[in-house]
């Protein structure tokens, strides 16, 4: 992915994805035009719906928070060239951790509950990633296969726990009871009100956003400022070289999967504790998989993940507004999202090589 | 939450007066989407029927994520849609949160109960309809084994299975009822290939009548039964026409009627719990030209007798949802 020395670093992380996204939007515009709607009006609706009001911003940032956690989870693992596709399952288990913490311990204040819920979410998520990590490190079972399979096991486990354990007797809905009001997380509007900025009260964006941003910094610090991060990256570049340098592949694999699973699990703090206030069936809603696209687009760099998460938050919220106010079918909105993933992820070199040539030309002059 | 309510009370009064003028109804589909050949599609058909008959317009919305439940329900109410019909039991918490903020909007919840003054809750007695098709299955059965393919092991679907098993055992106490579920992810409702696999496995265990209550997955079940030359039973809508001669009957759950009624009643509709059971004609079994040759006069007579007995209260079908126990398993 990296290693193309001819492009300056800033262009690699900003210009290439930006041009890719632009191409995806142009193609989407043609599609919208082809089904008889105005592409300009659609773009305007999406941008206004996602960024035009504090209401739109709130939802965009709420979705972005989810994608930051799952995107970071994939990015960290990918630095060690481990492809963790199990973010979905790890986040589901994280949700279980949050629910157990919130339901069975009486908390006097949300701040204590938040700390414990973070620990529960990260712990359960990490545990769920540990098993595939161990199987890869010690038994050579490929991580892609095992993490995918663990998504299904997690869904089955959650289904069982919700239907048979957490569901209140007589309730039809396979979901946990509502968490007590004491553990409701402060929403962004309450936090902004402290500094006098008015913000819509409706969207579920909450304090987890700050945790997600903090995690972006933490992951950057871990990868580029600590010994373990160096070992992770060295292992990712070349396993034999890392082993020759005295780095244990098994140890790194297990550490990386623990960190990755913990990050994916933390997503549940935002969705389960911050929004739903109860554990429901399929609480993750595919955010674990979107995380793969977010990491791809963010070039596995925490700052890139941050930007890509906001872009996907925009696609989700803008897409929702599009579905709400036009007759553009939901399927086309999925197509637009898929085009963005296709251009930024799979067709990367289509943009990268011409840009590299441009820079080479400029350099030669 | 209280601050939220006051804000919205003020906000909706100020910002949305312009759009409050027209009161078109709205329909909010559950995850799974409009064209699932089952629950949501039945609602869509009901809305379309209303549109064709009255010439009115309605707003509809499909979801992509759970966070959109509350978001969309609010937006529809704010846009002046009235009544707002919301599909699926997973939306009960949605309405508990949203409905109190819009007291002038009527909400209709399909498949669950929310006790609020402006919410009509429509629930179906799926166990009663399933009992009747279970009887038909046992009467058509020759091998001593019938089977059930559910979407997901949740109380709603287990209630189908339980009613089916009770009906089958009422006809033949020794009958073997195989019960399988498709999966635990949302894909379980839309996986015809897996449905076909499960049906073939059940047929190889001796089942010659397969009942599918699994949304789009059921299409694969019906196909597998038709290919193997055994009977199948459709669900929700009348699916008899899909494979005439193979689909024994369909367990009808008239979701379309519930939506049609809500749209017809319009703003200010009567709220409270509406129980769509056998007596109300909300559930039943399908009999048409496609399966007329499969249902003999005696079979029909026996089922009609049971139907009358259930309506009269002489025969009670146990509802799995009341105590999570099924006497027939």
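A short reminder: the numbers here are calculations on the coordinates, not readings from a lab. All figures in this text were calculated on a predicted structure; none of them were measured in a lab. Note that we place each Cβ from the backbone using ideal geometry, even for glycine, and neighbour counts take in every protein chain shown.
Some observations on this one:
- Packing-based exposure ordering (other Cβ within 10 Å, fewest first) of A:74, A:340: A:340, A:74
- Estimated FRET transfer efficiency (residue A:14, residue B:204; beta-carbon r; R0 45 Å; 0.05): 0.15
- Spacing of the two label points (7 Å from each Cα toward its C-beta) at residue B:324 and residue A:145, in nm: 3.7
- Across region B:239-279, the residues whose backbone nitrogen lies under 11 Å from the label position 7 Å along the beta-carbon direction of residue B:54 are B:260-269.
- Order of B:34, B:253, A:44 under a 10 Å beta carbon neighbour criterion, fewest first: A:44, B:34, B:253
- Theoretical gain in end-to-end length, residue A:226 to residue A:38 [0.36 nm per residue, Cα-Cα removed]: 62.6 nm
- FRET efficiency, 1/(1 + (r/R0)^6) with R0 45 Å, evaluated for residue A:327 and residue A:134 via beta carbons: 0.35
- Net length gained if the chain between residue A:245 and residue A:47 were fully extended (0.36 nm per residue, minus Cα distance): 66.3 nm
- For chain B, the longest principal axis of the C-alpha atoms and the axis of helix B:2-15 are separated by about 70°.
- Put a dot 7 Å past the Cα of residue B:187, heading toward its Cβ, do the same for residue A:22, and the two dots end up 3.7 nm apart.
- Oblate is the label for region A:70-305, because a/c, from the alpha-carbon gyration tensor with a ≥ b ≥ c as root eigenvalues, is 1.5 or above and a/b does not exceed b/c.
- To the nearest ten degrees, helix B:126-140 and the longest principal axis of the Cα atoms of chain B are 20 degrees apart.
- Maximal additional length on extending the residue B:265-residue B:289 stretch stands at 5.4 nm, based on 0.36 nm per residue less the C-alpha distance.
- For region A:256-294 and region B:234-288, distance of Cα centres in Å: 37
- Here residue B:311 and residue B:273 are evaluated by their C-beta separation; at R0 = 25 Å the FRET efficiency comes out at 0.85.
- Modelled label reach - residue B:280, point 7 Å along Cα→Cβ, region B:115-135 residues with backbone N closer than 20 Å: B:115-133
- Zone residues, region A:82-111, relative to residue B:96, backbone N less than 16 Å from point 7 Å out along Cα-to-Cβ: A:103
- Helix-derived mean residue ellipticity, 222 nm - over the protein assembly as shown, DSSP H n ≥ 4, -39500 (n - 2.57), to 500: -18000 deg cm²/dmol
- The label point for residue A:190 and the one for residue A:342, both projected 7 Å from the Cα toward the Cβ, are 4.4 nm apart.
- Cα gyration tensor shape for region A:150-193, rounded if a/c is under 1.5, else prolate or oblate: oblate
- Oblate is the label for region A:93-227, because a/c, from the alpha-carbon gyration tensor with a ≥ b ≥ c as root eigenvalues, is 1.5 or above and a/b does not exceed b/c.
- By the count of neighbouring beta-carbon atoms within 10 Å, fewest first, B:171, B:303, B:133 end up ordered B:171, B:303, B:133.
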